[in-house]
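Enquirer: My questions will all concern the structure given below.
The values are calculated or read from the model by the stated rules, or taken from the named source; none is laboratory data. No experiment lies behind these values; they were computed from the predicted model shown. All Cβ positions, glycine included, derive from the backbone under ideal geometry; neighbour counts span all protein chains shown. All accessible areas refer to the heavy atoms of the entire protein, side chains included, with ligands and DNA or RNA removed. Shrake-Rupley method; radii C 1.70, N 1.55, O 1.52, S 1.80 Å.
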Amino acid sequence: MATTVGLISLGCSKNRVDSEQMLAVLKEHGYQIVSDPSRAEVIIVNTCGFIQSAKEEAISTLFEMAGYKQTGCCRLLVATGCFAQRYPEAIREEMPEVDVIMGVNDYQKLDQAIQEAAKGGRPVYTDDDGKFHEFGRVLTTPKYSAYIRIGEGCDNWCSYCAIPMIRGGYRSRTMESIEEEARGLVENGAKELILIAQDTTRYGIDLYGEYSLAKLMRRLCKIDGLKWLRVLYCYPDALTDELLETMAEEEKIVKYIDLPLQHASARVLKRMNRTGDRESLTALMKKIREKIPGVTLRTTLITGFPGETEEEFTELAEFVKDIEFERLGCFAYSQEEGSLAAKMEGQV
């Protein structure tokens, strides 16, 4: 009888793709996937470790799932993902309930790790070979919509962010690989494809020596049966005219841009290791709306960054009022150990 396995995915859509790849690896090795954790002999928690609240959620979920060792069928508890990649030793020492610790680069070894734990071991896999690993997927989204990850890691090194420490440097997938997966998803019923990476606008710079997101999107728009193509996490630094023109011209591309600006004050942005100021960002928003009529703009902002003054917060609030974003998420700064911002004076 096949071993039953349940998986809980925390965090972002990029983590969701990791989870879908893990499910494909497990299915390939004969595991039976169940949605009820009380029926799972192996429970996997794919964790997020991006900010403090995400780490707290990861810990509480792991402890909650560990309870099924007493009340359910669980024999092995597996911690994967960003939190596991970032804090393997802490998990090993402080959470004896966790039987397998696996970071973000070793999912092809998941069955091997589970088998090792079943024999009494307590494996830890957190290597990073700097490559882009590709697997099959078991979709967890509705059949009509699917994410496609076009890049992994990040080279931006924003001073508040731990992602480059967790997921390594930026690396793009080839256009051929992305198109092949996209065609397969559309053939299986997907009408909408959503392109994701830590920074989608950086796509291709490492492989092709130039920003190549526009070329990739034009290529994908030629796929018969695809109705909508959406792109997330565009950084303002690399939002080229070519990309904006492509989004305006291609009917299949959803007129929606998610660009995390984080702030509008020049001094705060500089301390964040980002570029721009209120004037340049206002001009960029104006250009986007001129080039793509009817576009929906979404952004994310951070308040309470180290050293932020009342005047700079007011400048940010006025910027938001002026731009009138259609969608906006605002977050309190989270002091992340190991980041440059964590060591700055003036923690708010």
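Enquirer: Yes or no: the stretch 41-51 includes at least one residue that is modelled with pLDDT under 95, open to solvent by less than 10 Å² (accessible area, probe 1.4 Å), not in a helix (DSSP H, G or I) and not basic (Lys, Arg). Steps first, answer last, please.
Expert: Step one: list which residues in the stretch 41-51 are modelled with pLDDT under 95, which gives 48-51.
The next check asks that each one be open to solvent by less than 10 Å² (accessible area, probe 1.4 Å); those that pass are 49.
In the following step, the residues that additionally are not in a helix (DSSP H, G or I) were identified as 49.
From what's left, not basic (Lys, Arg): 49.
Checked the stretch 41-51: at least one residue is modelled with pLDDT under 95, open to solvent by less than 10 Å² (accessible area, probe 1.4 Å), not in a helix (DSSP H, G or I) and not basic (Lys, Arg).
Enquirer: Right, something else. Just a yes or no: is a residue in the stretch 60-75 in contact (Cβ under 8 Å) with a residue 12 or more places away in the chain, surrounded by fewer than 14 Cβ atoms within 10 Å (Cβ to Cβ) and over 26 Å from the mean Cα position of the chain (by Cα)?
Expert: Yes, the stretch 60-75 has at least one match.
Enquirer: Provide a single number: the residues in the stretch 292-348 that are within 19 Å of the chain's Cα centre (by Cα) and hydroxyl-bearing (Ser, Thr, Tyr).
Expert: Number satisfying all stated conditions: 5.
Enquirer: Is one or more of the residues making up the stretch 330-339 farther than 28 Å from Leu213 by Cβ, modelled with pLDDT under 95, open to solvent by less than 50 Å² (accessible area, probe 1.4 Å) and in a loop (DSSP other than H, G, I, E, B)?
Expert: Yes - at least one qualifying residue is present in the stretch 330-339.
Enquirer: I would also like to ask the following. Return the only residue of Glu251, Glu312, Glu318, Glu290 being assigned to a helix (DSSP H, G or I) and either of a type in the set (S, T, N, Q) or within 26 Å of Ala214 (Cα to Cα) (or both). I'd like the intermediate steps shown before the answer.
Expert: Details: Glu251 fails: assigned to a helix (DSSP H, G or I); Glu312 fails: either of a type in the set (S, T, N, Q) or within 26 Å of Ala214 (Cα to Cα) (or both); Glu318 fails: either of a type in the set (S, T, N, Q) or within 26 Å of Ala214 (Cα to Cα) (or both).
Checking each option against the conditions leaves just Glu290.
To keep it simple, each residue is scored yes or no on (1) of a type in the set (Val, Ile, Thr); (2) in a helix (DSSP H, G or I); (3) in contact with a Ser or Thr (Cβ under 6 Å, 6 or more places away or on another chain).
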residue	(1), (2), (3)
Lys55	no, yes, no
Ala58	no, yes, yes
Phe63	no, yes, no
Gln70	no, yes, no
Cys73	no, no, no
Leu77	no, no, no
Thr80	yes, no, no
Gln85	no, yes, yes
Ile91	yes, yes, no
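Enquirer: Scanning the stretch 1-10 for residues that are more than 13 Å from Leu110 (Cα to Cα) and of a type in the set (A, V, I, L, M), which turns out surrounded by the most Cβ atoms within 10 Å (Cβ to Cβ)? Break it down into steps so the answer makes sense when it comes.
Expert: Within the stretch 1-10, the subset more than 13 Å from Leu110 (Cα to Cα) is 1-4, 6, 8-10.
Filter once more, so that each one left must be of a type in the set (A, V, I, L, M): 1-2, 8, 10.
Details: Met1: 5, Ala2: 12, Ile8: 16, Leu10: 20.
Looking at residues that are more than 13 Å from Leu110 (Cα to Cα) and of a type in the set (A, V, I, L, M), I get Leu10.
Enquirer: Please give the number of the condition Ile253 fails out of (1) more than 22 Å from Cys221 (Cβ to Cβ); (2) among the hydrophobic types (A, V, I, L, M, F, W, C); (3) in contact (Cβ under 8 Å) with a residue 12 or more places away in the chain.
Expert: Ile253 satisfies all of (1) more than 22 Å from Cys221 (Cβ to Cβ); (2) among the hydrophobic types (A, V, I, L, M, F, W, C); (3) in contact (Cβ under 8 Å) with a residue 12 or more places away in the chain except (1).
Enquirer: Moving on. Looking only at residues that are open to solvent by 30 Å² or more (accessible area, probe 1.4 Å) and of a type in the set (Lys, Arg) in the stretch 11-37, which one is nearest to the chain's Cα centre (by Cα)? Quick ask: steps written out before the conclusion?
Expert: First pass over the stretch 11-37, keeping only residues open to solvent by 30 Å² or more (accessible area, probe 1.4 Å): 11-12, 16, 27-30, 32-33, 35-37.
Checking the rest, the ones that are also of a type in the set (Lys, Arg) come to 16, 27.
On the way: Arg16: 8, Lys27: 23 Å.
This residue is Arg16.
Enquirer: So, one more: Give the residues of the stretch 282-329 that are surrounded by fewer than 12 Cβ atoms within 10 Å (Cβ to Cβ) and either touching a Gly at 6+ places or on another chain (Cβ under 8 Å) or on the phi > 0 side of the Ramachandran plot (or both), sorted by residue number.
Expert: Across the stretch 282-329, the qualifying residues are Gly294, Glu324.
Enquirer: Taking Leu10, is it aliphatic (A, V, I, L, M) and more than 25 Å from Tyr333 (Cβ to Cβ)? Before the answer, list the steps.
Expert: Values: aliphatic (A, V, I, L, M): yes; more than 25 Å from Tyr333 (Cβ to Cβ): no.
No: the conditions fail for Leu10.
Enquirer: Could you list, in sequence order, the residues of the stretch 249-261 that are open to solvent by 20 Å² or more (accessible area, probe 1.4 Å) and within 23 Å of the chain's Cα centre (by Cα)?
Expert: Kept after step one, since they are open to solvent by 20 Å² or more (accessible area, probe 1.4 Å), are these residues of the stretch 249-261: 249-252, 254-256.
Passing the criteria: Val254, Lys255, Tyr256.
Enquirer: Return the residues of the stretch 187-211 that are open to solvent by less than 20 Å² (accessible area, probe 1.4 Å) and either over 18 Å from Gln21 (Cβ atoms) or aromatic (Phe, Trp, Tyr) (or both); say none if nothing qualifies.
Expert: Kept after step one, since they are open to solvent by less than 20 Å² (accessible area, probe 1.4 Å), are these residues of the stretch 187-211: 190, 193-197, 199-201, 203-204.
Residues satisfying the conditions are Asp199, Thr200, Thr201, Tyr203, Gly204.
Enquirer: Search the stretch 93-110 for residues being outside any loop (DSSP other than H, G, I, E, B) and within 25 Å of Ser13 (Cβ to Cβ), and hand back the single one that is most open to solvent (accessible area, probe 1.4 Å). Give the steps one after another, and end with the answer.
Expert: Initial filter on the stretch 93-110 (outside any loop (DSSP other than H, G, I, E, B)): 93-94, 100-102, 107-110.
Next cut, within 25 Å of Ser13 (Cβ to Cβ) only: 100-102, 107-110.
On the way: Val100: 0, Ile101: 1, Met102: 0, Tyr107: 3, Gln108: 76, Lys109: 60, Leu110: 0 Å².
Only one residue tops the list, namely Gln108.
Enquirer: Quick check on my filter: what residues within the stretch 124-180 are more than 16 Å from the chain's Cα centre (by Cα), part of a helix (DSSP H, G or I) and free of Cβ contacts under 8 Å to residues at least 40 places away in the same chain?
Expert: Answer for the stretch 124-180, where residues must be more than 16 Å from the chain's Cα centre (by Cα), part of a helix (DSSP H, G or I) and free of Cβ contacts under 8 Å to residues at least 40 places away in the same chain: Glu176, Glu180.
Enquirer: Quick one: how many residues across the stretch 223-248 are open to solvent by less than 20 Å² (accessible area, probe 1.4 Å), of a type in the set (A, V, I, L, M) and not in a loop (DSSP other than H, G, I, E, B)?
Expert: 6
Enquirer: Picking from Thr309, Thr296, which residue would you name as being farther than 11 Å from His263 by Cβ, modelled with pLDDT of 95 or more and out of contact with any Phe, Trp or Tyr (no Cβ under 9 Å at 6 or more places or on another chain)?
Expert: Details: Thr296 fails: out of contact with any Phe, Trp or Tyr (no Cβ under 9 Å at 6 or more places or on another chain).
Matching residue, one of Thr309, Thr296: Thr309.
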